[in-house]
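FYI, it's all coordinate maths here, none of it is from the lab. Remember, it's a predicted structure, so these values are computed and weren't measured experimentally. When we count neighbours, we look across all protein chains shown, and the Cβ atoms used for this are built from the backbone with ideal geometry, even at glycine.
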Ligand SMILES: Cc1ncc(COP(=O)(O)O)c(C=O)c1O
């Protein structure tokens, strides 16, 4: 989107050096310009050419000619530029959902006969894609336990092309040591004499709390439906990485067709202005709610990386530092007495927290993983993911913390 630039008299600030909040609000527009402050929505599928010389320029490969929104759209491009700047990546690519971003990123890397190594606890949709869809493309997935990341070196073969990880994991908030994972992958790459790509799903942490690029990860995906969107009203997904990788992924996007809609890109740009503020509040509320629930007699266990009782706490303390010490994210999972029936009773008794799937919005949402993110899995698969029937996943919102604590207090009373 071109704006009328007026010459800057003072030395211009460097966008990359600004705080995350400033980058999320202004993007690269740190100069005086005449034009709209809110980005216009270019809600069009196609673009009129001045004359056929534009079509010829496009046919000759000129990337600046807009022809069709599945290929290129100014509102989408503005959101992509903003997201790349926030992550400190060369480029970003926006998709119609987190799954579209994940599947396109993976299919940009692997081909028939290749193998992926992955940490085992994953969002159910990703896991089912690995289990049910990738084998049809001739791609296999083997799992590496986060406590035994050194096995990556012995497991890697000439077929290993990609190492995939998610941290914190959905829904059990398991922590993978990203720096250690990357170091093992680089050692494995030396052993098999090929570059093995590392991809990390950063949806639960968000770029505010944890930036995987700082640990050497090659590609980062995020479901923008969650914290980036933040208002439970937009589906989107993003891949960030090198210009080279994003250019290959853009080709996947063109043919698989998972492009973001311009209106979704506009909603996302709007949401990014309050991203830093919202996620900091969610971090604080989640920590306070986790502490409150940990002391509650009806709660068997609380999984939150910010609690010293969490097995991954020391890694999380090192790795999730973006928000300056309280950046453990807005997701808390609890296990209540009485198994799935207990979890159902509590979810049905909540009044402020909303019984709904998804996460990352300003309103607190609860869901029962065996009936939502981890449906359609065998008992063995649930055990490998650490998912138990009595678990309730809480996406903590930005309501008043006392209201949330009181709501859980009255809902948990149904178990007495
Ligand atoms: C960790 C994680 N990654 C990816 C996704 C997929 O995102 P979307 O629903 O936007 O496709 C989800 C959805 O819940 C998720 O929790």
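Points to keep in mind about this one:
- When you restrict to C-alpha pairs under 8 Å that are six or more residues apart and normalise by the size of segment 245-314, the relative contact order lands at 15 percent.
- For segment 275-415, the Rg and Dmax computed from alpha carbons only, in angstrom: 14.4, 40
- The angle between the Cα long axis of helix 275-294 and the longest principal axis of the Cα atoms of the chain comes to about 10 degrees, rounded to the nearest 10.
- Note on the chain: Rg/Rh from C-alpha atoms, Kirkwood Rh, equals 0.99.
- The chain - percent relative contact order, Cα under 8 Å, separation 6 or more: 17 percent
- Förster radius 51 Å - calculated FRET efficiency between residue 294 and residue 34 (Cβ-Cβ, nearest 0.05): 0.40
- Length-normalised contact order of segment 275-415 in % [C-alpha pairs under 8 Å, at least 6 apart]: 29 percent
- Neighbour counting of Cβ atoms within 10 Å sorts the residues 213, 49, fewest neighbours leading, into 49, 213.
- Residues of segment 151-175 with amide N under 19 Å of a point placed 7 Å along Cα→Cβ from residue 191: 151-165
- FRET efficiency for the residue 341 to residue 143 pair, using the beta carbon distance and R₀ = 25 Å, is estimated at 0.20.
- Beta bridges by DSSP in the chain, antiparallel share as percent, to the nearest 5: 60 percent
- The mean of 1/r over all distinct Cα pairs in segment 157-220, once inverted, gives the Kirkwood hydrodynamic radius of 12.1 Å.
- Paired Rg and Dmax values of segment 257-356, which use every Cα atom, in angstrom: 16.9, 50
- Note on 309, 183: ascending count of other Cβ atoms within 10 Å places them as 309, 183, the fewest first.
- Cα centroid separation, segment 144-211 to segment 365-415 (Å): 27 Å
- Whole-angstrom gap from segment 11-62 to segment 290-358, using each part's C-alpha centre: 41 Å
- Cα→Cβ-extended label distance, 7 Å offset, between residue 284 and residue 14, nm: 3.2 nm
- Mean ellipticity per residue at 222 nm, deg cm²/dmol - from DSSP H runs of n ≥ 4 across the chain, formula -39500 (n - 2.57): -11000 deg cm²/dmol
- Packing-based exposure ordering (other Cβ within 10 Å, fewest first) of 129, 245: 129, 245
- Between helix 74-87 and the chain there is an angle of about 60 degrees, using the helix long axis and the longest principal axis of the Cα atoms.
- Rounded FRET efficiency, nearest 0.05, which uses the C-beta distance separating residue 56 from residue 256 and R0 of 30 Å: 0.60
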